[in-house]
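I have placed the structure first, in the form of structure tokens, so that the comments after it can refer back to it.
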Amino acid sequence: MPELPEVETVARGLQRAIAGQKILSITLGKTDFIDDPEALERELPGRTIVRVERYGKFMLLRLSPANGTVAETETALLVHLGMTGALMPQTVSAPHAKHTHAVMALSDGRELRYVDPRRFGRMAYLAGDMLALELQRFGVDPLDVSSQEFTKRIQQRGARIKALLLDQSVLRGVGNIYADESLWKAKIHPAQLGTRLKPPEVKQLYLALQKILQKAILLRGSSISDFVDAGGIPGEYQQHHRVYSREGKPCPRCKTAIRRIIVAGRSSYFCPTCQPSPRRKTKRQKASRRTRKA
């Protein structure tokens with residue numbers, strides 16, 4: 001499922017390609033992934049796509065007021081790509097790909113097409129209070145949050161650190177790939193409790209997460225299976241993964257075989273040497289204290 005770097009990549013591409021275009025009409029196919037199909041058909045035609053931005057793992061196509069009206073509330077088309085979704089502009093002459101479920105005719109003669117074979121994505125027209133309520137569900141953006149706020153959000157919760165990184169009400173946009181990669185870089189076991197992390201460890205994780213997300217954006221995200229950007233080009237960051245999906249392969253740091261466990265209901269890849277388990281760490285600390293007392 002596309003995470004922050006992948007969605008940022010698509011949003012930036014769409015911002016360059018379609019911002020300023022007016023939606024002339026919309027044609028829908030299967031609609032089980034759309035909150036209210038009639039709202040899209042009623043509200044989108046005549047509106048201009050003012051800008052495209054990322055919000056966590058979602059994209060927001062910010063819209064102008066309807067024709068001849070004065071703006072009273074913010075409006076946007078919210079899009080989640082799910083596991084296999086793609087949103088990209090195409091020429092009208094280009095054949096429709098299989099599983100094309102939404103086609104928006106644009107004022108420059110192109111079409112903005114949403115393709116999703118598995119339909120695990122989401123599309124919704126939101127305005128005013130409904131838009132505000134939707135966005136309030138999510139936590140802070142990991143690229144914008146301060147170190148102090150990040151530390152507060154991690155240390156005040158007793159959940160395992162992997163679960164905290166995946167919790168969209170804590171941080172919006174982080175998923176399995178970048179959680180594992182950041183924890184490896186910070187040398188923190190995915191099952192460690194957030195409350196047990198010391199301030200220097202949280203600071204190290206904060207820096208690791210930001211650095212990895214920024215590099216992944218530069219490389220247009222990770223193309224594990226279906227992901228392509230707004231121009232149909234796959235990302236390259238998967239070539240830089242250190243632990244994710246590398247079970248049994250040597251750790252790039254210490255050469256220990258990478259292991260996989262389940263944390264927070266998700267597969268978690270880590271190095272058992274670089275990221276010692278909390279239980280092992282506790283035993284080692286107790287032994288050290290006994291030695292000092294002796």
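Counting DSSP beta bridges with both partners in the chain, what percentage is antiparallel, nearest 5?
The antiparallel proportion sits near 95 percent.
Sort 74-82, 232-240, 1-9 by packing, meaning the average of other beta carbons within 10 Å per residue, with the highest value first.
Per-residue Cβ counts within 10 Å, averaged per peptide and sorted highest first, yield 1-9, 74-82, 232-240.
What trypsin sites (Lys or Arg not before Pro) in segment 39-104 are in a loop by DSSP, with at most 12 other Cβ atoms within 10 Å of the Cβ?
Listed in order of number, the matching sites are Lys98.
Compute the length gained on full extension between Arg122 and Arg51: take 0.36 nm times their separation in residues and subtract their Cα-Cα distance, giving the result in nm to one decimal.
23.7 nm
Mind ordering 203-216, 252-265 by average Cβ neighbours within 10 Å, highest first?
203-216, 252-265
So what are the ³J(HN,Hα) numbers for segment 8-18, from phi and the Karplus equation (6.51, -1.76, 1.60; θ = phi - 60°), rounded to whole Hz, Gly and Pro as x?
Each residue's phi maps through the Karplus curve to give 4, 4, 5, 4, 5, x, 5, 4, 5, 8, 10 Hz.
Find the all-direction average of the projected area of the Cα convex hull for segment 4-136, expressing the result in square nanometres with one decimal place.
7.6
Would you mind giving the three semi-axes, in whole Å and largest first, of the ellipsoid equivalent to segment 47-97 according to its Cα gyration tensor?
In descending order the semi-axes read 24, 17, 7 Å.
Amide H of Met83: which non-local residues (sequence gap of 5 or more, or other chain) have their own amide H closer than 5 Å, using H built in the peptide plane?
Residues meeting the amide H criterion: Phe120, Gly121.
At 20 °C and a viscosity of 1.002 mPa s, what translational diffusion coefficient does Stokes-Einstein give for the chain, taking Rh as the Kirkwood radius over Cα pairs? Give it in µm²/s as a whole number.
Reported coefficient: 103 µm²/s.
Using Cα pairs closer than 8 Å and at least 6 residues apart in sequence, work out the relative contact order for segment 4-136, in percent.
Computed value for segment 4-136: 28 percent relative contact order.
Among the listed pairs Lys162/Lys255; Lys30/Lys185; Lys215/Lys249; Lys57/Lys152; Lys152/Lys255, which have their C-alpha atoms separated by more than 31 angstrom in this model?
Correct reply: Lys30/Lys185; Lys152/Lys255.
With 23 Å as the cut-off, how large is the P(r) tail for segment 147-290, expressed as percent of Cα-Cα pairs?
36
Assign unit charges at the C-beta atoms only (+1 for Lys and Arg, -1 for Asp and Glu), then state the dipole size of the chain relative to its Cα centre in Debye, rounded to the nearest 20.
I would put it at about 3140 debye.
Could you list Ser64, Ser268 so that the one with the fewest beta carbons within 10 Å of its beta carbon is first and the one with the most is last?
Result, fewest neighbours first: Ser64, Ser268.
Each reported figure results from applying straightforward, stated rules to the coordinates on display, with no laboratory input. All values reported here derive from a predicted model rather than from experimental measurement. As a convention, Cβ positions derive from the backbone with ideal geometry for all residues, glycine included, and neighbour counts pool all protein chains shown.
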